[in-house]
Amino acid sequence: MVEKGLAGEDALLVAPTGGGKTLAGFLPSLIELSQRRKVAGDLTSVHTLYISPLKALAVDVERNLLTPVREMGLNITIESRTGDTNQAKRARQRLAPPDILLTTPEQLALFCAWEGSREYFKDLRCVVIDEIHAIHGSKRGDLLSLGLARLRAFAPKMRSVGLSATVNDPAAIRGWLSDKGDDIVFGQSGAPPELDVLLSENRVPWAGHTAQHAMQEVYDTIKTAQTALVFVNTRWQAEYAFQELWRLNDDNLPIALHHGSLSAEQRRKVEAMMTQGRLKAVVCTSTLDLGIDWGSVDLVIQLAAPKGSSRLVQRIGRANHRLDEPSRAVLVPASRFEMLECQAAVEAVMEAAHDGEPIRNGAKDVLAQHVMGVACSEPFDLEELYDEVRTAAPYRDLTWEDWEQVVDFVSTGGYALKSYDKYRRIVRGRDGLWKARTKEIIARHRMNVGAIVAAQTLTVRMKGRRGTGRKVGEAEETLFEQMTIGDSFVFAGEVWRFEGVEGNNAIVSPTSDDDPMVPSWGGSRIPISSHLAHRVRRLMADRDTWRRLPVDVQEWLNAQDEHSGIPQMDDLLIETFQRGKRHFMIVYPFEGVLAHTTLAMLLTRRLDRAGVGPIGFVANDFSLCIWSMRSMADLDFDALFEQDMLGDDLESWLDESFMMKKSFKECAQIAGLIERRMPGHEKTGRQVTFSADLIYDTLRRHDPDHLLLRCAREDAARGLLDVARLGELLSRIQGRIRVYNLPKVSPFAVPMLMEIGKERAPGTSAADMMLEDAALIDEAMS
Amino acid sequence: MQISVAGEPCVLRAAGTLWLPQHQTLVVSDLHFEKGSAYAARGQLLPPYDTRETLNRLMAELVAVQPRCLVFLGDSLHDMGAISRIPVAERETIMGLARDFDLVWISGNHDPDGGAAFGGRSADEVRLGQLVLRHEPLTGEAIGEVCGHLHPCAVVRGPAGSVRRRCFIGDGSRLIMPSFGAYTGGLNVHDRAYGGLFQQAPTAYLTGERVVRVPYHRLSPDRSRPIRRSA
């Protein structure tokens, strides 16, 4: 690593957590800096820039670097700069740059929009990007990549270093980082992890995501560890598991909760207690996937579906930061299909097989933001900047035509109706260079930098004696739409009574209800990875592997085989049957909840046209179910699943859907068409503003090919609909659809019908539902 | 949907216009022509189609009800500069309206002269039978007042989520019209600005595919925006 660094080569360093990779990334810089002769009064430039996706990590690395530097008596200045850094310090950093500056991608984007940034970074020698795997495949990654291209143009001698504990596809990330050289440094890998699937004494549930059946065993496993991290997939699962563990916590073990809705103070408190080794376990979401290393964690528990092998490896890596001891992890499946998923995930991790991510092209809304930023810092030449942008990997294939469109968007809004010539944001001067037209435009841009668009949230506050009291956390507005005043619910690990909403605050008061609701929210619906889904199909298709599964799961698979069929590697299993007055169609593609939801939407439209009268649908990671008034047994399934559904059907549905509006709003904010609402600076009264939805509706009617509409369609297709994956499925299964018209519900269909039962259950008691579930299982298995 | 204001029959249309059959008059409020270009001039390049979009919707209403007289209830132009920014095609459309209909431009706070420069006449208020049409509501009780200005918007919450729509709101004595302009946002009817305007709990008539009547007690405040609470 040091060799490469001193030779000025770019490098990607992949090493398990605890391998000292952060220090290794900085070592060449420290050596160079300690050997330099510092000329008095020479304050011009930063030597090494460190970029991390987390603010907290930048601050933590600052601390961790300062210690050895001080101990070695080196004359090297190290400072961090994040959104939290105060104005005075920022101003000073600009006049007197530290040797090593630790920061975030958003700050880099701001640097790029500085006047004089070229001068500031001209002697930059090294950029270190930490947790590179967590950022490269996103819009934040696109923005960072453009920033790096800019730095490389400022300082041609600069080398780039990527750091990562786990990498899906090292070659791809290596290519993202830089286009010269091709070396990847793999750190010494640690002992292979000890990985088990928890086999509960209780039967594996048919459906659900809570793993409640195994909670006692999870608790007992926690007891055997020094410190355990209990990972779940959504915030409500975290709240639920936390409640359940405390219900069982006769030993009063210090068990804490950590997720993105808790107040920052509360999260910092949990993290501090963790560092001091004062906690036995933390129930957490992806908020702890990354971040500060804790030496004392020796057990990771994954509660419910792991979703992907790379994600699982990352989480397992959070345990045991000593290379000579294996990490210990336990997977806890919450249902039968998840049992298959967990088994497949364990095998994937043991074979060190990663998910592999689809290649993405850089987003144009992000590029628009970058172009505006560049224009704020200095006049640019259109062709030179085009060449520079294409040195950023996500924009390598950007065509000149697209480039001109993006620049036209930045300048005039890019509308078919050319009426904004005199309001151009950037203008071409007599010298042929483009620059921002006014100072106001520059100031406006600086307020809107970044590629993270936050959801609308409410602050959850306790009711105070006068007005509002202590802040408990933050949560999406939608959470409180499910509630009425007086409801008791679980949040931040405690039970609250909902008192209503006042302005931006959801007001709550403590209560001691024994049966509070655990609201279902905070589920960014992550689909099972293609790779893992493929393994699940393989596991099912290969009967020899069934013996590795628990007996009740084997029984279930055998009954499915007997009553219906088992999905094979490359076919598509479809079942139809009637139950009560309703007709059901169950499809088993195993392509993840997003692709399934999209497929269900499109099928429903087609079924509607075919006069079948579809009533509703549900979808999960493994299958989807549509129910209707009339039988679907005699449909032409080859025609129904024809690939052309991704053409006009998709287009016409998408344009009307809320997902497009959501995507459009995000693109419009990133591209600078709609301004972000700064916390605390919201306008009062809506009559003075307009909404993104109104803009969307008008633009769609008058300028359907506008750049931002195209951006929004691409984003929706990729992020919310998983259209690419659906396309692969439809082409894979052509001519391979296997339909069983069954006399009754099959064992595989039971989980779907249970999900429907839960959705239409208001008014029915818990006992009724259990009886209904029991009847369903009996029918399927007999 | 037909209701009565101060005894006069009023037809509330789903598009957010008011049809007064006895006077053969169509009323539209708060069109805010050229709001998009007003933002563009300040550096935020909103799509320049709002005037065209608003006019298209207005034309559809005119075709549907065939009025004799068309009343703009104020704030027809987003600002004083809108007259000079309005594109030629849209300008011609409006001048065409002045030829086909008896146009009345009631002055608003954004546009003291209305759009009388395009044709038709301007007025501070118009009396039609028991009704008085003006832009901004007077304080306190005003029998028969039809006004705009506030851009009323109503939120209805249900188990499946919430709906936010532009709406008419009235108590049989006064009627406040929704804004009609393509880019005009709305102000929740729970806002303090509506305080004192109704003598009894008003009813909201939500616009959209069709008009939906919702009593006041079933309407919710906005949630994520600060609401200035009435004391």
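Things worth noting here:
- Close amide H pairs (under 5 Å, H built 1.01 Å from N) link B:Leu46 with B:Ala40, residues at least 5 positions away or on another chain.
- The listed peptides A:724-730, A:137-143, ordered by packing as a protection proxy, come out as A:137-143, A:724-730 (highest mean of other Cβ atoms within 10 Å first).
- Cα gyration tensor shape of segment B:55-158, rounded if a/c is under 1.5, else prolate or oblate by comparing a/b with b/c: rounded
- Adding -39500 (n - 2.57) for every DSSP H run of four residues or longer, then dividing by how many residues chain A holds, sets the calculated 222 nm ellipticity at -12000 deg cm²/dmol.
- Inter-chain neighbour count for A:234-247: the average number of beta-carbon atoms from partner chains within 10 Å of each residue's beta-carbon is 0.
- Taking 0.36 nm per residue of separation and subtracting the current Cα-Cα distance, fully stretching the chain between A:Glu3 and A:Arg446 would add 155.6 nm.
- Remark: mean inter-chain Cβ contacts per residue of B:29-37 equal 2, using a 10 Å Cβ-Cβ cutoff to other protein chain atoms.
- Label point distance in nm, A:Arg543-B:Gln130, each placed 7 Å from Cα along Cα→Cβ: 8.4 nm
- From most to least packed by mean Cβ count within 10 Å, the peptides B:122-135, A:708-721 give A:708-721, B:122-135.
- Residues of segment A:703-723 with amide N under 12 Å of a point placed 7 Å along Cα→Cβ from B:Ala89: A:703
- The mean sequence separation of alpha-carbon pairs under 8 Å and at least six residues apart, normalised by the residue count of segment A:564-782, gives a relative contact order of 28 percent.
- Most simply put, segment A:194-350 has about 0% antiparallel DSSP beta bridges, counting only bridges with both residues inside it.
- The mean sequence separation of alpha-carbon pairs under 8 Å and at least six residues apart, normalised by the residue count of chain A, gives a relative contact order of 11 percent.
- Antiparallel %, DSSP beta bridges [both residues in segment A:564-782], to 5: 75 percent
- The lysines within cross-link reach of A:Lys280, meaning a Cα-to-Cα straight distance under 18 Å and a gap of 8 or more places when in the same chain, are A:Lys223, A:Lys269.
- Principal-axis tilt of helix A:264-275 within chain A, Cα atoms, nearest 10 degrees: 90 degrees
- Cα gyration tensor shape for the protein assembly as shown, rounded if a/c is under 1.5, else prolate or oblate: oblate
- Of A:Lys422/B:Lys35; A:Lys55/A:Lys364; A:Lys139/A:Lys662; A:Lys364/A:Lys418, pairs whose Cα-Cα distance is over 22 Å: A:Lys55/A:Lys364
- Extension gain, A:Asp220-A:Glu651: 0.36 nm per intervening residue step, less the Cα-Cα distance, totals 150.0 nm.
- Spin-label pair A:Glu194/A:Glu779, simplified geometry with 7 Å Cα→Cβ offset, distance in nm: 4.6 nm
- In this structure the amide hydrogen of B:Asp79, modeled in the peptide plane, comes within under 5 Å of no amide hydrogen from residues 5 or more places off or on another chain.
- DSSP beta bridges in chain A [antiparallel fraction, %, rounded to 5]: 40 percent
- Amide N proximity, segment A:539-582 versus A:Asn741 label position 7 Å along Cα-to-Cβ, cut-off under 15 Å: A:574-579
- Counting, for every residue in B:46-56, the Cβ atoms of other protein chains within 10 Å of its Cβ and taking the mean gives 6.
- Sequentially through segment A:141-158, phi angles give Karplus couplings (6.51, -1.76, 1.60; θ = phi - 60°) of x, 4, 5, 5, 4, 5, x, 5, 4, 5, 4, 5, 6, 5, 10, x, 7, 4 Hz, Gly and Pro residues having no value and appearing as x.
- Contact order, relative form, for chain B: 21 percent (alpha carbon pairs under 8 Å, 6 or more residues apart, mean separation divided by residue count).
- Computed lengthening from A:Gln734 to A:Asp693, 0.36 nm per intervening residue step minus Cα-Cα distance: 10.9 nm
- Look at where the Cα atoms of segment A:59-91 and of segment A:490-511 average out, and the two centres are 39 Å apart.
- Residues B:Ile143 and B:Arg121, FRET efficiency given R0 of 22 Å [Cβ-Cβ distance, rounded to 0.05]: 0.30
- The label point for A:Leu95 and the one for A:Val427, both projected 7 Å from the Cα toward the Cβ, are 3.4 nm apart.
- Between helix A:723-732 and chain A there is an angle of about 50 degrees, using the helix long axis and the longest principal axis of the Cα atoms.
- Helical contribution to [θ] at 222 nm, DSSP H n ≥ 4, -39,500 (n - 2.57), averaged over chain B, rounded to 500: -5000 deg cm²/dmol
None of the figures in this text is laboratory data; all of them are computed from the coordinates on show. Computed from a predicted model, the values in this text were never measured in an experiment. Backbone-built Cβ (ideal geometry, glycine too); neighbour counts: all protein chains shown.
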